[in-house]
Number of protein chains: 4
Amino acid sequence: MSEAFWKTSLSAVGQNKILIRGYRVQDLMEGCTFGDIVYLTFRGELPAGNEGRIIEMILTSSTDHSFLAPSIDTTRFAASAGIPLQAAIAAGVIALGEHHGGAIEQCAKILQDAVKAGTPAADIIRSFKERKQRVPGMGHPIHTSDPRTVKLVAKAREWKLAGPHLTLAEKIGAELNLPLNIDGAIAGIISDIGISWHYGKSFFIISRVVGLAAHAVEEVTCERPFRAIDLSDVQYDGPAERELPARYRRNES
Amino acid sequence: MSEAFWKTSLSAVGQNKILIRGYRVQDLMEGCTFGDIVYLTFRGELPAGNEGRIIEMILTSSTDHSFLAPSIDTTRFAASAGIPLQAAIAAGVIALGEHHGGAIEQCAKILQDAVKAGTPAADIIRSFKERKQRVPGMGHPIHTSDPRTVKLVAKAREWKLAGPHLTLAEKIGAELNLPLNIDGAIAGIISDIGISWHYGKSFFIISRVVGLAAHAVEEVTCERPFRAIDLSDVQYDGPAERELPARYRRNES
Amino acid sequence: MSEAFWKTSLSAVGQNKILIRGYRVQDLMEGCTFGDIVYLTFRGELPAGNEGRIIEMILTSSTDHSFLAPSIDTTRFAASAGIPLQAAIAAGVIALGEHHGGAIEQCAKILQDAVKAGTPAADIIRSFKERKQRVPGMGHPIHTSDPRTVKLVAKAREWKLAGPHLTLAEKIGAELNLPLNIDGAIAGIISDIGISWHYGKSFFIISRVVGLAAHAVEEVTCERPFRAIDLSDVQYDGPAERELPARYRRNES
Amino acid sequence: MSEAFWKTSLSAVGQNKILIRGYRVQDLMEGCTFGDIVYLTFRGELPAGNEGRIIEMILTSSTDHSFLAPSIDTTRFAASAGIPLQAAIAAGVIALGEHHGGAIEQCAKILQDAVKAGTPAADIIRSFKERKQRVPGMGHPIHTSDPRTVKLVAKAREWKLAGPHLTLAEKIGAELNLPLNIDGAIAGIISDIGISWHYGKSFFIISRVVGLAAHAVEEVTCERPFRAIDLSDVQYDGPAERELPARYRRNES
């Protein structure tokens, strides 16, 4: 028999029945936290310990970072233009790129590859230095001791969820003399609880969607439509006003 | 003093400090569930009862509906084209429109306006009939007794979170002889716990982002790139092959 | 036989053959301007007169409006976060909402409905006044005599493309003592050349995509990554720093 | 003086004045084609020869490829969910990723780097073979002799716009015994007319937006809302229905 065009192992739907990874959705609603559901969806099985709780802490850590985050600003401008809520949120989600949460995926991939291969911290640092790139997950422009990172790492250790990935991440930070940042902490912890780096950015996305929703509603309910920069704040450094070249000056009528 | 261009009541950031609605983020991480955080973000205060738990049930209810949901299909096609995870998710979020989760916002607005004004169910139904429109939040193409709705409504009552909005929604359904669907149940419950209809779609969006992430990763890791329809499955009903009109046949060389 | 799931009258593809509305794509490339193609795609037939040329004028009119346009700002913030070009452009496209180009669709619908039904300008104005709404397509916050509008309207008349829709739009403006703005001019002209209001926003979108692409590339090549607002430019007006309520202060360890 | 937060060389706006690269927009509307404008925007100067015409041919080549293109399918599903036109188009734009038009950017970068450095075709091919990757811009799953590519290359030569980049692209194809595809042809030609690879995808995006708009309108006007896959077309290969583990079966009431 040929392969179906539409194929999935994630969920199944029938009349009055929805299965998520085999479990009935109403059972999950009754028995699980949202953190458990995220773990189940990405791993295929429910947590055996506090994995769901540490995921809820991760999701709580990154909902908002005020206008200092390009994702928030993106959503504010888009929302001001008169669009549905989900479209304003989607614009902000698009902005969660390589320089904005993307370090979770990058760092988790490095950690997972290195732990599997037994690569030491020094080798990782050297390979980034050779390419004149910074190791993702280390350092922060504002926070010298990010309270989110401190809390996450402490709880991961307390709940025995920390393992070789988080340890490696901390070692890299120590050798670089840089604090592990929130992206690096999340990368280490999700790797230690067995989640593939492919899902790395998801944790930031799920979390930030809450903040984006609130900023979109605040924009629409508290500000005038069409958020506009003042003309006097714009610096134009292109060519001065000029005439079209002769060949473009048509006498058309 | 003039108004600042960037103004918010949602969060504040300083060095090594992030406040969400006035609370330090590390305290929220330690003491609250993700459901509490959603409530706090949208309402401004932490729950006094089980509001956070019912929000987690809502978030658990709608993560995935297999390929029967256009949002999932949108993300699958987009992800197959070779784009970052957040972009694939954003494409699916865009698809959470008027016919796909939008009923939460529409229904919540109706319920909140009606409860405030004392409008009875019969009047609401009549006004929709006059415009030949269906009341949002009622009926489902597949589920005659949606297990998600049943569970949500039961818990809202058990936890004393149900009030006039959910009651009104159920009354409308009863008079129309249609089951309250998942959108209608969410609309009634969030209204009863005091959340503005402006946030209505947010609950579906936060929830569905989990499923979209999983479908995007499944597409990338289990399927070949560039999901393509087979030529033989396409029906073309436009004009047959034809020649350009004479005036467009230039002899240009 | 049952309806195909995938059905279209727009284009057909076979081996070494692509038909657009029945014409071979290579013939269109040879004989037509891009303006002709837009007209063909939306109308089904090639222009009989200067319709393609007026469309190119419309497309030229709206590529960029500097940072005064939320769409441009949206793309700049998104692009700064390290994402592919098409994702940065998509973020800006999302922002082309009701208050930002949306007036083309709204105004074209009004004009097309009114011309069909014979509704006079005064009736349209009255119905908007009753709903305390502004008629779309009239007035501009900066431009008292928008050079784009002036040029478009002059050429539409010179090329005998103007008809009852543009005339009605101008009449509405005259009675309101407001200049027709660029959205209103485009709405009138596309209606007169027979294009459905459903396509209204498309003209702005196709045009603006050029400017969004240029702004995204300028952001990436001329600015530092992660466009960040300065902390000192943000005004926070939410609750002051506070302690969690007692019930959230868990002694968990 | 400090750098302005908002800075651009692309356009300037004042009352009743809009400059694009220094030219008044009304002059551009009068004297230029849309192809000229795209060239001006990306290069900073107006074309000296047929560059604007070849750009219009490129824009005409790629508006639509029926349901065989994931971008089209993405927009169809999104549009069916009840969203504004620009949001449906944005969803399709997001899907123009590495495997779907992305080869224009990749190939243009390779060609521009190689021509500058004098790298021969054989070296490029070898470096891709070593990484077990395919050279972008070569070969097509359906078209053995793509009529778009044939036409573009012929006109570029006829108009003396072809140069070392297109020649190198053809050489790579010849050595691989693969036809240059539409992405590779566009990459070679835009490089020869002096446009940076950063803009590569833009040509496909501007073009495809026309087709996406038409497909979105066709979906909304010709199909029922909420495009849904039939249950029977879905293959589920996840775990069978199962009970929650004991620790998740709460006795909560």
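Structure data summary
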{"item": "Verdict on C:Asp233 being without any contact (Cβ under 8 Å) to a residue 40 or more places away in the chain and surrounded by 21 or more Cβ atoms within 10 Å (Cβ to Cβ)", "result": "no"}
{"item": "Test: A:Gly97 is closer than 17 Å to A:Ser62 by Cα, without any contact (Cβ under 8 Å) to a residue 12 or more places away in the chain and crowded, with 19+ Cβ neighbours inside 10 Å", "result": "yes"}
{"item": "Some residue of the stretch D:147-161 being surrounded by 12 or more Cβ atoms within 10 Å (Cβ to Cβ) and on the phi > 0 side of the Ramachandran plot", "result": "no"}
{"item": "Elements of type helices (runs of 4 or more DSSP H) contained in the stretch A:83-174, each with 2 or more residues being charged (D, E, K, R), within 19 Å of the chain's Cα centre (by Cα) and closer than 24 Å to C:Val220 by Cα", "result": "none"}
{"item": "Flag for B:Ile54 being of a type in the set (A, V, I, L, M, F, W, C) and either over 14 Å from the mean Cα position of the chain (by Cα) or farther than 19 Å from A:Gly200 by Cβ (or both)", "result": "yes"}
{"item": "Among residues of the stretch B:100-132, those that are closer than 15 Å to B:Ser71 by Cβ and in contact (Cβ under 8 Å) with a residue 60 or more places away in the chain, counted", "result": "4"}
{"item": "Number of positions in the stretch B:140-179 that are touching a residue at least 12 places away in the same chain (Cβ under 8 Å) and within 14 Å of chain A (Cβ to nearest Cβ)", "result": "15"}
{"item": "Output for the stretch A:204-250, where each listed residue is over 30 Å from D:Glu30 (Cβ atoms) and not in a helix (DSSP H, G or I)", "result": "A:Glu223, A:Arg224, A:Pro225, A:Arg227, A:Asp230"}
{"item": "Matching option when the condition is at pLDDT 95 or above, more than 9 Å from every other protein chain (Cβ to nearest Cβ), assigned to a loop (DSSP other than H, G, I, E, B) and under 30 Å from D:Gly44 (Cβ atoms), among D:Ile195, D:Ile190, D:Ile186", "result": "D:Ile195"}
{"item": "Test for D:Gly92: is it surrounded by 24 or more Cβ atoms within 10 Å (Cβ to Cβ), at pLDDT 95 or above and not hydroxyl-bearing (Ser, Thr, Tyr)", "result": "yes"}
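For (1) hydrophobic (A, V, I, L, M, F, W, C); (2) surrounded by 24 or more Cβ atoms within 10 Å (Cβ to Cβ); (3) farther than 21 Å from D:Cys32 by Cβ, each residue gets a yes or a no:
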site	(1), (2), (3)
C:Glu3	no, no, yes
C:Trp6	yes, no, yes
C:Leu10	yes, no, yes
C:Gly14	no, no, yes
C:Arg24	no, no, yes
C:Asp36	no, no, no
C:Arg43	no, no, yes
C:Gly49	no, no, no
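The values are calculated or read from the model by the stated rules, or taken from the named source; none is laboratory data. Being a predicted model, the structure only gives us computed values, none of them experimental. No Cβ is skipped: glycine too gets one built from the backbone with ideal geometry, and neighbour counts run over all protein chains shown.
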